[in-house]
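See structure below.
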Amino acid sequence: MSTKFGVIVFPGTWSEGDWLHALTGIMGFDAEYIFHKQTDISNFDCLVIPGGFSYGDYLRPGAIARFSPVMGSIIEFANSGGPVIGSCNGFQILCEAGLLPGALIRNESLEFRCQKQHLIIENNNSPFMAGLNQGEVISLPISHGDGNYFVDDVTLADMEFRGQIALKYCDAEGKIAETVNPNGSVSNIAGVTNELGNVLGLMPHPERVVEQILGGVDGIKILQSVDHFLSRKLLNE
């Protein structure tokens with residue numbers, strides 16, 4: 001029995017096609033769209049919340065999407081241990097929904113950033129990171145205007161203690177510095193997990209680097225990681 005991925009689509013989502021292509025066209029996985037008014041997601045093994053501008057980013061990114069009918073089911077799915085990944089606007093939605101700590105605010109530069117970005121794996125204790133090595137440097141593109149991750153100092157210390165920091169912005173050698181932070185995120189954070197590790201939010205776009213012709217394949221490592229995790233889980237059930 002193969003694992004099945006669901007790609008959430010809100011009004012204003014625009015990365016759903018890239019995700020579906022990466023999952024089905026490149027990886028050969030079983031995947032389909034889940035629209036924002038759908039509440040029955042019981043036949044899916046992993047959920048993806050793509051990037052875009054859900055509801056036009058009105059109020060603030062992710063603030064309205066958080067109240068879509070599907071979100072109640074996503075929260076229930078995540079709280080039961082189901083793997084959920086949110087990229088870019090998906091990360092913002094997960095924070096707004098309370099599934100991840102912190103908030104994504106306007107880039108420190110007040111500029112939209114669209115570029116390749118080196119990232120270092122800070123913690124691989126997640127279904128999405130298990131296939132990568134701690135300290136490994138990968139390259140994923142970013143494309144956002146509100147990617148400045150913020151938490152207070154106490155919460156940050158708790159997250160670091162619990163191993164919730166998944167990815168940080170770095171240079172090609174893995175050095176973490178302010179000069180390679182594209183948006184002003186606290187502690188150069190690019191991606192975080194919940195305490196259980198089954199929910200991952202990241203600003204970069206792994207779905208955009210699954211073919212060499214597009215500049216790299218580092219995104220495949222993340223997709224393979226969760227597929228291996230789910231395959232082992234299904235075998236043990």
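The table for this structure:
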item	result
Every residue from the stretch 78-91 that is small (Gly, Ala, Ser) and touching a residue at least 40 places away in the same chain (Cβ under 8 Å)	Ala78, Gly81, Gly82, Gly86, Ser87, Gly90
Listing of strands (runs of 3 or more DSSP E) fully contained in the stretch 119-237 that carry 2 or more residues being within 21 Å of Gly52 (Cβ to Cβ) and not charged (D, E, K, R)	137-144, 148-150, 189-193, 199-202
Gly62 being within 18 Å of Met203 (Cα to Cα) and either in contact with a Gly (Cβ under 6 Å, 6 or more places away or on another chain) or surrounded by fewer than 20 Cβ atoms within 10 Å (Cβ to Cβ) (or both)	no
Filter pass, Asn183 being in contact with an Asp or Glu (Cβ under 9 Å, 6 or more places away or on another chain), surrounded by 21 or more Cβ atoms within 10 Å (Cβ to Cβ) and at positive phi	no
Qualifying positions in the stretch 92-144 - among the small types (Gly, Ala, Ser) and either without any contact (Cβ under 8 Å) to a residue 24 or more places away in the chain or over 24 Å from Ala157 (Cβ atoms) (or both)	Gly98, Ser109, Ala130, Gly131, Ser139, Ser143
Some residue of the stretch 18-41 being under 24 Å from Leu196 (Cα atoms), hydroxyl-bearing (Ser, Thr, Tyr) and assigned to a loop (DSSP other than H, G, I, E, B)	yes
Close pairs (7 angstrom Cβ cut-off, 6 or more residues apart or separate chains): touching a residue at least 40 places away in the same chain (Cβ under 8 Å) and at positive phi in the stretch 1-28, small (Gly, Ala, Ser) and crowded, with 19+ Cβ neighbours inside 10 Å anywhere	Gly12/Gly52; Gly12/Ser54
Residue list for the stretch 132-174, filter: in contact with a His (Cβ under 9 Å, 6 or more places away or on another chain) and more than 18 Å from Met203 (Cβ to Cβ)	Ala172, Glu173, Gly174
Subset of the stretch 55-77 [of a type outside the set (D, E, K, R), in contact (Cβ under 8 Å) with a residue 60 or more places away in the chain and in a helix (DSSP H, G or I)]	Val70, Ile74
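Each reported figure results from applying straightforward, stated rules to the coordinates on display, with no laboratory input. Small disclaimer: the values here were computed from a predicted structure and weren't measured. Every residue, glycine as well, gets a Cβ built from its backbone with ideal geometry; the counts of neighbours run over all protein chains shown.
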